[in-house]
Structures are given as C-alpha cells and as structure tokens.
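Values quoted throughout were computed directly from the atomic coordinates according to the rules given, and no laboratory measurement underlies them. Please read these numbers as outputs of a predicted model, since none were measured by experiment. Backbone-built Cβ (ideal geometry, glycine too); neighbour counts: all protein chains shown.
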Amino acid sequence: MLMPHQTVRQIPIAQPTVDYTPRLHVAIISDGNGRWATSKGLPRSAGHRAGAETVRRVVTVAPRMGIHTLTLFALSSANWKRPDVEVQGILRLLHEYLLTETTHCIDEGVRLSIIGRRDRLPATLRQAVADSEAATAKGTRLHLRLIPPAKPSIMPPAVSIRSLSFRPNPSATCWQRSSAGVRQKSIC
C-alpha cells in the first residue's frame, strides 16, 4: 500500500523466496550383502545386518547431498528362491529396523513410506509399517521409500513389456551421428 509520503520508488518490494536446492530422487537396489558376508566367512544374515547399517548411514547423509527422496529395494523377487530361513531373517530384520529406526527418522526429519504389496507381509510387520509411517508422516527433510520383500510385484509388467515386439515405422526418418561425426539416416 502506498503511504501518502512515499513515492513509487520507495515502496519496499518483497523478493519471492525460491528454493533452488536440487531435489534429487535416488533409488538403491540392495544386492550382494549375503555374498559379501560369505566372502568374509560370516553367515549371510551378517551381510543383511551390515546392509541395514549402511542404510542408516545413507539416510543420515542423503539430505546433505541434495537427495530429497530415497527409494530402497529390500529384496528382489528372485531372492524368494533362497532358503525360507534367510527370507524370514530378512523380514525380521526389516521389522527390527522399523522398530529401532523410527525414532531416528523422526529426529532426522525423515518421512518413511513402504510401497509395494503389503498383503504378503506378516501381520506384525504390516502393523509396524503402519505405525512407522504414521509416526514419521510430518518429516520433510527426506522421503525414505522402502520396497519390502514381496513376491513378484514388478515382474509381470516387466515381462509383458519385454514380450512386446518392436516394429519400426518404415515411413519415419531418424538421424544419428556416426563415430566420425557424420549425420546418417537410419531406421526408427
């Protein structure tokens, strides 16, 4: 509002605040923890525990690196072929992680989400997931998305996409550069 004693040049103009901080989304597929442990002469479960500790360190450092969303794949569908004892151990580790790390997530401003199929998880683990998500819902510093071990949920769409045959459009023209930098016509 213009005061009677001010001219247009004297009106303070509020500068908009724009956050130019990069908001990166990083996805990590946890792979090789069991092999790492075996190579050290340890049980495979020790490798899974070491992987969980690495997750804790990554969650702490990620926001400082400009990472706003971190997606972690806990177990691939191929790993369901492992002995039941190992799969149950990983599920138990995920449950323990939720129980012990929810407070750490709250302190660090981390919002935790579990994405994927929950119906295949044990009821106690599903409850721990719901409790952790509710407790961390106000976290704004990092969005940690865990994809829990669930039998093939990504596999059917991937297989159906792979089975599609690619048929080039003969009337389309595409151009590409050869290794010598020469522009060449190619089939699209």
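Things worth noting here:
- Net +/- balance of residues flanking Arg64 in space, Cβ distance below 13 Å, scoring K and R +1, D and E -1: +1
- Working from Cα pairs under 8 Å separated by at least six residues, relative contact order for region 24-151 is 31 percent.
- Cα pair count fraction exceeding 18 Å, expressed as % - region 30-128: 51
- In this simple spin-label model, placing a label point 7 Å from the Cα along the Cα-to-Cβ direction at both Ser39 and Thr100 gives a separation of 2.4 nm.
- Distance in nm between pseudo-label sites at Glu53 and Arg23 (7 Å out along the Cβ direction from Cα): 3.5
- Per-residue extension of 0.36 nm, minus the Cα-Cα distance of Arg141 and Asp107, leaves a gain of 11.2 nm for this segment.
- Contour minus Cα-Cα distance for Asp119 and Met65 (0.36 nm per residue): 16.0 nm
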